[in-house]
1. Out of the total accessible area of the chain (probe 1.4 Å, heavy atoms of protein only), what percent is carbon and sulfur?
2. Using 0.36 nm per residue, how much length does the chain from residue 44 to residue 67 gain when fully extended, once their Cα-Cα distance is taken away?
3. Please sort 38-50, 87-99 by packing, taking for each peptide the average over its residues of neighbouring beta carbons within 10 angstrom, highest first.
4. Mind ordering 22-30, 78-86 by average Cβ neighbours within 10 Å, highest first?
5. Rolling a 1.4 Å sphere over the protein heavy atoms, what is the accessible area per residue of segment 1-70, to the nearest Å²?
6. Expected output is a single nm value to one decimal: the length gained when fully extending between residue 114 and residue 54, i.e. 0.36 nm times separation in residues minus the C-alpha distance. What is it?
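The values are calculated or read from the model by the stated rules, or taken from the named source; none is laboratory data. As the structure is a computational prediction, the values presented were derived from the model and not from experiment. Quick reminder, even Gly has a Cβ in these numbers, built from the backbone with ideal geometry, and neighbours come from all protein chains shown. Accessible surface areas use protein heavy atoms only, side chains included; no ligands, DNA or RNA. Shrake-Rupley method; radii C 1.70, N 1.55, O 1.52, S 1.80 Å.
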Amino acid sequence: QVQLVESGGGLVQAGGSLRLSCAVSGGTFSTYAMAWFRQAPGKEREFVAAITWRSSSTGYADSVKGRFTISRDNAKNTVYLQMNSLKPEDTAVYYCAADHRGYGSRWSNDYDYWGQGTQVTVSS
């Protein structure tokens, strides 16, 4: 009965910022690795960022490195994605995912639980 609920998506101009949140309920959040994936229309789902539980180590796709920051607040059972310097090519549905093993891989098949997605649209 693990549930992930994303929020914070919306419309922003190129160069602007958004912060996505993902609240987790029904599980042991502090032991989960958390990740963000995204999917644009007509394209495959792609990895964006991940954070482990053991050391809070982070990893990023090359396309977002230096612009996006993933973080977690275990007291709030919430993971965040701070997105700065947004580009039109960042436009996609963003999905939050949890891996109960805590590894934080870049592969979608490694994740057990998924949110419903939140739309991010970046206008030029």
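1. C and S fraction of accessible area: 45 percent.
2. Numbers: separation 23, 0.36 × 23 = 8.28 nm, distance 2.15 nm.
Going from the current span to full extension adds 6.1 nm.
3. Working: 38-50: 15.6, 87-99: 19.8.
My ranking of the peptides, most packed first, is 87-99, 38-50.
4. On the way: 22-30: 16.7, 78-86: 20.4.
Descending packing order for the listed peptides: 78-86, 22-30.
5. On a per-residue basis, segment 1-70 sits at 52 Å².
6. Fully extending the segment from residue 114 to residue 54 adds 19.5 nm.
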